[in-house]
Amino acid sequence: MAQAPRPQAVALRYDPQRDAAPKVVAKGQGRWAEQILRTARQHYIPIHHDPQLVRVLSHLRLDQEIPPQLYQAVAAVLAFLYRVQQQPAR
């Protein structure tokens, strides 16, 4: 019987005033991933589900800026966050 894949999560920070590109600020699998997601929910941080991007980002070091090859993929995440922020509060 195959085991269910362990959840993975990566948290990014991007402050255009301070950062040249988004940075990995947290990453983990299993319980660590669950804690990252729980913390995001507690602070009303939108969560974007993209398992393939998470797998790629999980190979980066903490506090590492994403490489230029990932700009387009991460731009899609930033566009998602922008759309979420523009929605009226419920």
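Please tell me if Ala75 is among the small types (Gly, Ala, Ser), closer than 14 Å to Leu12 by Cβ and either surrounded by 15 or more Cβ atoms within 10 Å (Cβ to Cβ) or touching a residue at least 60 places away in the same chain (Cβ under 8 Å) (or both).
no
Scan segment 53-72 residue by residue and report those that are under 16 Å from Ala9 (Cα atoms) and among the hydrophobic types (A, V, I, L, M, F, W, C). So that I can check it myself, show each step before the final result.
We begin by selecting, within segment 53-72, every residue under 16 Å from Ala9 (Cα atoms); these are 53-64, 66.
The answer is Leu53, Val54, Val56, Leu57, Leu60, Leu62, Ile66.
Which members of segment 1-38 meet the condition of being exposed (fewer than 14 other Cβ atoms within 10 Å of the Cβ), touching a strand residue (DSSP E or B) at 6+ places or on another chain (Cβ under 8 Å) and part of a helix (DSSP H, G or I)?
Residue satisfying the conditions is Gln35 alone.
Where a number appears in this text, it was derived from the coordinates with a stated rule and is not lab data. In this text, all values refer to a predicted model and were calculated from it rather than measured experimentally. In this analysis, Cβ positions are derived from the backbone assuming ideal geometry, glycine residues included, and neighbour counts consider all displayed protein chains.
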